[in-house]
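A quick write-up on the structure given underneath.
The values are calculated or read from the model by the stated rules, or taken from the named source; none is laboratory data. Fair warning: this is a prediction, and the values are worked out from it, not measured in the lab. FYI the Cβ positions are ideal-geometry reconstructions off the backbone, even for glycines, and counts take in every protein chain you see.
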Amino acid sequence: MTLSVRDRAVRAAVEHGLLSPAEPVTALLDTAGIRASAAALTSAFAAVTDAPVLHAFAVKACPLVPVLRLLHEAGLGAEVASPGELALARAAGVPAARTVLDSPAKTPEELRHALALGIAVNADNLQELARLDALVAARPTASPLGLRVNPQVGAGTIDALSTATPTSKFGVALRDEGAREAVVQAYLDRPWLTRLHTHTGSQGIPLALMAEGVAAGYALAEEINAKAGRQQIDTFDIGGGLPVNFASDEETPTHAEYARLLAATVPGLFDGRYALVTEFGRSLLAKHGTVLARVEYTKTSGGRPIAVTHAGVQIAARTVYVPGAWPLRILAYDAEGRRRTGDEVVQDVAGPACFAGDLLATGRALPPLRPGDVVAVPDTGAYYFAHHYAYNSLPRPAVHGFTPTDDGSIAFSTVRPTQSLDEIVAESGGAHADALVRAPAPDAAMEA
């Protein structure tokens, strides 16, 4: 039987001790797969436009510095939404000119810092534009500046990830009374406002709805440019949001499909007059990450087998709390990392946290799992192991990149080590253990 790259990586991770009784949960990233996704994204848009396109990876999808460096080396920039994400992008070497700052709650200091660096900024609302007025007047900046608008085209199947609903918190709601006119005037009053940004949502949003949102933004850009009597808006940021197929290894939909749909729906956006920015995240990383966890115990309850593993809510909070919207596949391996075969049994796959709902999968048909076996959770390269949820003070798992070598083996590199117990104690106030039981110093009491 020919082994997949994932199967070979699981076996090698066990052989190398990356997964062991001492390290019962770990995460793997397929570096060649990430490079391939970055190349596919770039070629998808190059096939439909000759205009310059900045593909700014949404850092929130996988905020790990080595991942951002890999994507930077593959030609991508970074879309950041906080001072922390900006610090990560800068640590990865992403230039300011290839960085975009989006956030609905930027502080004056965040804006001042971004303008000093020359980072592109998309204002979220008209009040933020007023802040930018003062900052731009006080000091010239090289930062391209834009405004985010909400086209209010509707929701997808996951409300929490639908950002173009009638009441979304993001951007200026274009269909609200007087809002469109106010946006147009805001641009006419600010010659330095040269970008427009819109984003319809993420997982659960059909491509047609995403394209509808882009079309609404494009119509607004054309209106503003016509009323300005010049091409004031020269760059259109279409956001990201391409959904991911979590049901199989098939990568669908593709960035090429989406680019072709956009070119057919909004041809004027691709005729070379507008530079473009994209902000894809999940669709670039999800398929290239796999979480591995050892089965610690197996039992039955009410006649149903349960495999208790070390991967649960701390890495898959969305799946645990909203399993209907975020189902994950489970692959079964033996203790040596070989795929389990044979008759399947309906069983639950549980995590280590002490509440009943900590389940990666419920009623899933799998070969019978045994203590010491390995479960692999594919499609977890985005929004899973990099977004640790510290329930029960469980440690953040190690993350390892892997690459197949010419001799057929697998080479690993450490992206992030396992969080130590000392680090857990330190970030939980360990250095201030007596803070609540000793009398405050006089100065501290006065300040309080």
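Observations
- Selection within the range 72-102 - closer than 20 Å to LEU196 by Cα, of a type in the set (Gly, Ala, Ser) and either surrounded by 21 or more Cβ atoms within 10 Å (Cβ to Cβ) or outside the structural domain of HIS197 (by TED's automatic domain parsing) (or both): GLY77, ALA78
- For TYR218, the requirement of being under 26 Å from the mean Cα position of the chain (by Cα), of a type in the set (Ser, Thr, Tyr) and more than 30 Å from PRO378 (Cβ to Cβ) is met.
- Residue in the range 186-209 that is free of Cβ contacts under 8 Å to residues at least 40 places away in the same chain and more than 27 Å from the chain's Cα centre (by Cα) present: yes
- Meets criteria (of a type outside the set (D, E, K, R) and either assigned to a strand (DSSP E or B) or touching a residue at least 24 places away in the same chain (Cβ under 8 Å) (or both)) for THR165: no
- Hits in the range 27-54 - residues which are without any contact (Cβ under 8 Å) to a residue 24 or more places away in the chain and within 19 Å of the chain's Cα centre (by Cα): ALA36
- Test: ALA12 is surrounded by fewer than 23 Cβ atoms within 10 Å (Cβ to Cβ), touching a strand residue (DSSP E or B) at 6+ places or on another chain (Cβ under 7 Å), touching a residue at least 12 places away in the same chain (Cβ under 8 Å) and in a helix (DSSP H, G or I): yes
Table: residues versus (1) at pLDDT 95 or above; (2) part of a strand (DSSP E or B); (3) buried (at least 18 other Cβ atoms within 10 Å of the Cβ).
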position: TYR187; (1), (2), (3): yes, no, yes
position: LEU196; (1), (2), (3): yes, yes, yes
position: HIS199; (1), (2), (3): no, no, yes
position: GLN203; (1), (2), (3): no, no, yes
position: LEU209; (1), (2), (3): no, no, yes
position: TYR218; (1), (2), (3): yes, no, yes
position: ALA221; (1), (2), (3): yes, no, yes
position: ALA226; (1), (2), (3): yes, no, no
position: GLN231; (1), (2), (3): yes, no, no
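- Sole exception among (1) without any contact (Cβ under 8 Å) to a residue 40 or more places away in the chain; (2) in contact with a Phe, Trp or Tyr (Cβ under 6 Å, 6 or more places away or on another chain) for THR141, by number: (2)
- For the range 218-261, the set of residues classified as aliphatic (A, V, I, L, M) and under 19 Å from ALA38 (Cβ atoms) consists of ILE238, LEU242, VAL244, ALA256, ALA259, listed by residue number.
- Answer residue from the range 292-315, given it is farther than 16 Å from PRO368 by Cβ and touching a Phe, Trp or Tyr at 6+ places or on another chain (Cβ under 6 Å) and is surrounded by the fewest Cβ atoms within 10 Å (Cβ to Cβ) among those: VAL313
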